[in-house]
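**Q** Dropping the structure in here first, questions after.
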Amino acid sequence: MIRIPENKWLYLFLLSLIWGSSYILIKRGLVGLSPIELGSARIVISTLFLLILGFKSLSGLTRYQWKWLIITGFLGTFFPSFFFAFAQLHIDSSVAAILNSLTPIFTVLVGITLFATRMLARQYFGVVLGFIGSLGLVWGGAQINPNQPIGYVLLIISASMCYAINIHFLKHKLSAVSPMAMTLGNFIAILPPALIMLFFSDFFSVYKLQKPEVITSLGYVATLAFFGTAIAKVMFNRFVKMASTVFVSSVTYTLPIVALFWGTLDGEKISGYQLLSTVIILVGVSLAHKKSK
């Protein structure tokens with residue numbers, strides 16, 4: 001695997017580029033696959049890639065570490081993979097990316113509630129701004145598409161909360177585990193339920209696999225699995241080790257820009273009101289994470 005220089009700004013840029021492109025790949029994958037098929041196939045393919053890249057990295061892991069690898073595997077990958085797949089049946093890819101910008105705000109809230117992190121007054125204001133912006137984003141989407149089920153927004157918010165909790169657990173419980181072992185351990189833990197869900201879906205039917213759109217969608221999912229999941233997860237876990245939880249969660253500042261670019265090219269509409277709401281969210285995130293001098 002190519003060794004990337006350990007520069008936190010370079011990791012922030014690369015992860016923003018990769019994950020910002022993931023939303024359009026999910027959208028394309030859903031053309032021929034159901035959310036269950038997409039989420040399960042994404043996990044299975046990613047695990048195969050990771051086994052090839054770093055099987056030897058698993059040696060020496062303790063029972064305590066495996067316990068947290070299982071927990072972080074479900075929180076950081078398994079549940080969000082299906083949450084985004086189901087949500088993007090009804091929500092534009094660019095909007096999903098913007099809503100995921102709430103992750104840094106949730107990271108602050110989790111730090112306060114679970115890890116006794118102190119919070120400044122402007123951080124409280126930032127949290128409030130972030131939620132106001134998210135409500136505005138949902139309202140703006142309802143104006144563009146009145147038939148869009150707003151309830152699916154909760155799936156994106158739930159995924160963001162999972163990411164926020166996962167960042168703290170990785171930082172505090174698995175700091176001694178290498179990024180490759182951490183990533184592969186996560187995927188091995190979630191592989192059995194993913195295989196079961198894929199087996200009981202319609203994925204393996206001969207009729208389905210003969211459809212051209214299914215083959216095309218699998219190509220998008222394979223790309224998503226390799227870059228957006230397997231490679232990006234290893235990079236992210238290394239990123240967690242070299243930077244603070246605050247800086248790490250800030251990857252969601254810039255990935256919506258990439259997602260908006262792809263969404264616009266794909267014909268997605270975003271109103272001026274939604275752009276304003278996006279700015280409000282990012283200002284809220286900035287205030288929530290701004291450290292005192």
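The values are calculated or read from the model by the stated rules, or taken from the named source; none is laboratory data. Since the structure is predicted, the reported quantities are computational estimates derived from the model, not experimental observations. With ideal geometry, Cβ positions are generated from the backbone for all residues, glycine too; neighbour counts draw on all protein chains shown.
**Q** What are the pairs, 6+ residues apart or on separate chains, where a residue within region 268-279 that is part of a loop (DSSP other than H, G, I, E, B) has its Cβ under 8 Å from a residue that is loosely packed, with under 14 Cβ neighbours inside 10 Å?
**A** Within 8 Å, the pairs are Ile270/Thr264; Ser271/Gln143.
**Q** In addition: Tell me the residue from Val221, Val248, Val240 that is assigned to a helix (DSSP H, G or I), closer than 15 Å to Phe13 by Cβ and within 15 Å of the chain's Cα centre (by Cα), please.
**A** Just a single option satisfies the conditions, and that option is Val248.
**Q** Of Leu17, Leu69, which residue is modelled with pLDDT of 85 or more, surrounded by fewer than 17 Cβ atoms within 10 Å (Cβ to Cβ) and within 24 Å of Val251 (Cα to Cα)?
**A** Criteria check complete, one pass: Leu17.
**Q** Provide a single number: the residues in region 213-248 that are over 24 Å from Leu191 (Cα atoms) and free of Cβ contacts under 8 Å to residues at least 24 places away in the same chain.
**A** Adding up the residues that qualify gives 1.
**Q** Every residue in region 12-34 that is over 14 Å from Ser93 (Cβ atoms) and touching a Leu at 6+ places or on another chain (Cβ under 7 Å), please.
**A** Once the filter is applied, which keeps residues that are over 14 Å from Ser93 (Cβ atoms) and touching a Leu at 6+ places or on another chain (Cβ under 7 Å), region 12-34 yields only Ser16.
**Q** I'd like the full set of residues that are surrounded by fewer than 20 Cβ atoms within 10 Å (Cβ to Cβ) and assigned to a helix (DSSP H, G or I), limited to region 171-188.
**A** Those that are surrounded by fewer than 20 Cβ atoms within 10 Å (Cβ to Cβ) and assigned to a helix (DSSP H, G or I): Lys171, His172, Lys173, Ile188.
**Q** Given Ser59, Ser22, which one is of a type in the set (S, T, N, Q) and crowded, with 23+ Cβ neighbours inside 10 Å?
**A** The unique qualifying residue is Ser22.
**Q** Using the structure shown, decide if Tyr273 is more than 26 Å from Ala41 (Cα to Cα), out of contact with any Gly (no Cβ under 7 Å at 6 or more places or on another chain) and either modelled with pLDDT under 80 or not polar (S, T, N, Q) (or both).
**A** In short, no.
**Q** Of the residues Phe247, Phe226, Phe239, which is modelled with pLDDT of 90 or more and of a type in the set (Phe, Trp, Tyr)?
**A** Testing whether each residue is modelled with pLDDT of 90 or more and of a type in the set (Phe, Trp, Tyr) leaves just Phe226.
**Q** Got a number for residues in region 157-196 being within 16 Å of Trp66 (Cα to Cα) and touching a residue at least 12 places away in the same chain (Cβ under 8 Å)?
**A** Total satisfying the criteria: 24.
**Q** Within region 100-116, is there a residue that is modelled with pLDDT under 85 and either at positive phi or in contact with a strand residue (DSSP E or B) (Cβ under 8 Å, 6 or more places away or on another chain) (or both)?
**A** yes
**Q** On to the next question. Would it be correct to say that Leu33 is more than 30 Å from Ser217 (Cα to Cα) and not in a helix (DSSP H, G or I)?
**A** no
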